[in-house]
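The structure appears right after this line, and notes come after that.
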Amino acid sequence: MITVVVLSERLGAVLPAAALPALRKAEAVYAGEGVPVEFWSSLGVDGPAPAVVEAGAVVITTSAEAYPDAHVITTPEPLGAGLLDAAAVMHRLRSPGGCPWDAEQTHDSLRQYLVEETFELLEAIEDGDRAAMREELGDVLLQVLFHARVAAEAAEDPFDIDAVASELVAKLVGRHPHVFEGNDPAVHDATSQQHRWEELKQAEKQRESSVDGVALGQPAVALAAKLVQRTKRAGFPVDLLPEGDDTGTTLFAVTALAKLAGEDPETELRQVCRRFAANVREAEAKARAEGLDSLAAEDWRRFLPS
């Protein structure tokens with residue numbers, strides 16, 4: 001049997017590590033389709049592949065189609081290679097000759113889609129639907145690529161997806177000194193890492209308040225939980241949290257107690273909402289099965305799951 005080593009078009013003349021044992025034992029090494037002559041020496045090629053390749057030989061090529069019975073060794077794409085393709089597609093869609101709708105979008109017009117796709121991803125996670133998660137993660141990624149592409153066209157302070165990624169890398173490296181600098185005595189478990197992350201973030205952004213940077217536009221339960229989390233880390237006494245009998249203060253108090261107990265009140269409330277919606281649908285379906293189009297109070301009590 002012959003061995004075919006398929007090079008990556010993206011990586012060029014880079015041999016996969018899995019091919020090295022076969023190359024060392026090969027009786028002959030040939031260059032197949034797509035391998036330029038200037039690469040032959042670096043790849044250890046003896047010459048171009050003949051019409052009939054003998055058993056024990058290795059063919060280095062960019063396509064294995066001509067060797068259907070060969071043992072094929074492919075070159076793994078680098079991690080994140082698909083992101084380059086996604087960025088290229090977004091660039092094409094937004095450029096002249098691309099999609100007219102994509103070309104008209106702005107940061108403001110795209111805001112609704114970012115929110116929608118984020119909630120659809122959240123629903124897929126709650127459902128444990130792996131296929132939907134994969135799809136919705138792609139849709140959220142699309143929003144990041146789209147906004148970055150729009151930003152690249154700005155007359156003032158333009159930036160592109162590479163600037164976004166570079167800033168993210170710098171942030172992740174800077175906030176994980178225990179990983180990238182070898183040691184950080186302040187970090188010894190996940191909890192201490194969370195505290196260290198906030199300390200480094202506050203110093204990095206030169207924030208004056210423990211609640212600076214909290215997104216006030218997020219859902220109210222999540223907002224209350226985030227404020228409680230931030231102030232707790234700053235040493236804020238629990239007895240100074242808002243008190244009162246009105247609805248808003250009562251909801252804040254319940255949220256605060258849940259967060260201080262280590263729970264995620266937003267998630268807990270969403271789970272109750274989802275169960276309630278499912279029970280309502282089930283009751284309505286049972287009523288329809290008995291020929292009822294509308295339900296009175298006693299019908300709801302009869303059909304609603306206990």
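The values are calculated or read from the model by the stated rules, or taken from the named source; none is laboratory data. Treat the numbers as computed from the prediction; the structure is a model and nothing was measured. Neighbour counts are summed over all protein chains in view; Cβ atoms, including those assigned to glycine, are modelled from backbone coordinates with ideal geometry. Accessible surface is based on the protein model in full, side chains and every heavy atom, while ligands, DNA and RNA are left aside. Shrake-Rupley method; radii C 1.70, N 1.55, O 1.52, S 1.80 Å.
Restricting Thr74, Thr61 to residues that are under 16 Å from Thr3 (Cα atoms), open to solvent by 30 Å² or more (accessible area, probe 1.4 Å) and within 34 Å of the chain's Cα centre (by Cα) narrows the list to Thr74. For Ala87, the test of being within 30 Å of the chain's Cα centre (by Cα), among the small types (Gly, Ala, Ser) and over 17 Å from Pro16 (Cα atoms) is passed. Of all residue pairs spaced 6 or more apart or on separate chains, those with beta-carbon atoms under 9 Å, a first member in the range 73-92 that is closer than 14 Å to Leu141 by Cβ and a second member that is open to solvent by 80 Å² or more (accessible area, probe 1.4 Å) and at pLDDT 95 or above are Ala87/Asp162.
Results for (1) under 30 Å from Glu153 (Cβ atoms); (2) charged (D, E, K, R); (3) touching a helix residue (DSSP H, G or I) at 6+ places or on another chain (Cβ under 9 Å); (4) modelled with pLDDT of 95 or more, shown as yes or no for each residue.
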position: Arg10; (1), (2), (3), (4): yes, yes, yes, no
position: Leu20; (1), (2), (3), (4): no, no, no, no
position: Pro36; (1), (2), (3), (4): no, no, no, no
position: Ser41; (1), (2), (3), (4): no, no, no, no
position: Gly44; (1), (2), (3), (4): no, no, yes, no
position: Ala64; (1), (2), (3), (4): no, no, no, no
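For the range 206-214, does any single residue satisfy the condition of being touching a helix residue (DSSP H, G or I) at 6+ places or on another chain (Cβ under 8 Å) and free of Cβ contacts under 8 Å to residues at least 12 places away in the same chain?
In the first step, residues of the range 206-214 are kept if they are touching a helix residue (DSSP H, G or I) at 6+ places or on another chain (Cβ under 8 Å); the result is 207, 210-214.
Imposing the further condition that a residue be free of Cβ contacts under 8 Å to residues at least 12 places away in the same chain reduces the set to 207, 212.
The answer is yes, given that some residue of the range 206-214 is touching a helix residue (DSSP H, G or I) at 6+ places or on another chain (Cβ under 8 Å) and free of Cβ contacts under 8 Å to residues at least 12 places away in the same chain.
Count of the range 224-272 residues, restricted to those that are aliphatic (A, V, I, L, M) and in a loop (DSSP other than H, G, I, E, B), is 3. Restricting Gln202, Gln206 to residues that are surrounded by 13 or more Cβ atoms within 10 Å (Cβ to Cβ) and at pLDDT below 90 narrows the list to Gln202.
For the range 263-305: of the residues being small (Gly, Ala, Ser) and under 23 Å from Glu126 (Cβ atoms), which is surrounded by the most Cβ atoms within 10 Å (Cβ to Cβ)? Looking at the filtered set, the residue picked out is Ala283. Do you know which of the residues in the range 104-146 that are closer than 30 Å to Glu268 by Cα and outside any helix (DSSP H, G or I) is most open to solvent (accessible area, probe 1.4 Å)? This residue is Asp129. Hey, does the range 237-244 have a residue that's at pLDDT below 90 and on the phi > 0 side of the Ramachandran plot? No, the conditions are met nowhere in the range 237-244. The set of residues from the range 171-192 being exposed (fewer than 11 other Cβ atoms within 10 Å of the Cβ) and either touching a residue at least 24 places away in the same chain (Cβ under 8 Å) or under 25 Å from the mean Cα position of the chain (by Cα) (or both) comprises Asp189, Ala190, Thr191. Selection of first residues in the range 128-155 that are more than 13 Å from Glu117 (Cα to Cα) and of second residues that are open to solvent by 20 Å² or more (accessible area, probe 1.4 Å) and acidic (Asp, Glu), restricted to Cβ pairs under 6 Å at least 6 apart or on distinct chains, gives the following pairs, ordered by first then second residue: Ala148/Asp160; Ala152/Asp160. Determine if the range 280-294 includes at least one residue that is closer than 30 Å to Thr231 by Cβ and either of a type in the set (D, E, K, R) or touching a residue at least 24 places away in the same chain (Cβ under 8 Å) (or both). No: zero hits. Candidates in the range 223-236 are the residues that are modelled with pLDDT of 90 or more and aliphatic (A, V, I, L, M); of these, the one that is surrounded by the fewest Cβ atoms within 10 Å (Cβ to Cβ) is Leu223. If you go through the range 147-170 and keep only what is surrounded by 12 or more Cβ atoms within 10 Å (Cβ to Cβ) and within 15 Å of the chain's Cα centre (by Cα), you end up with Ile161, Val164, Ala165.
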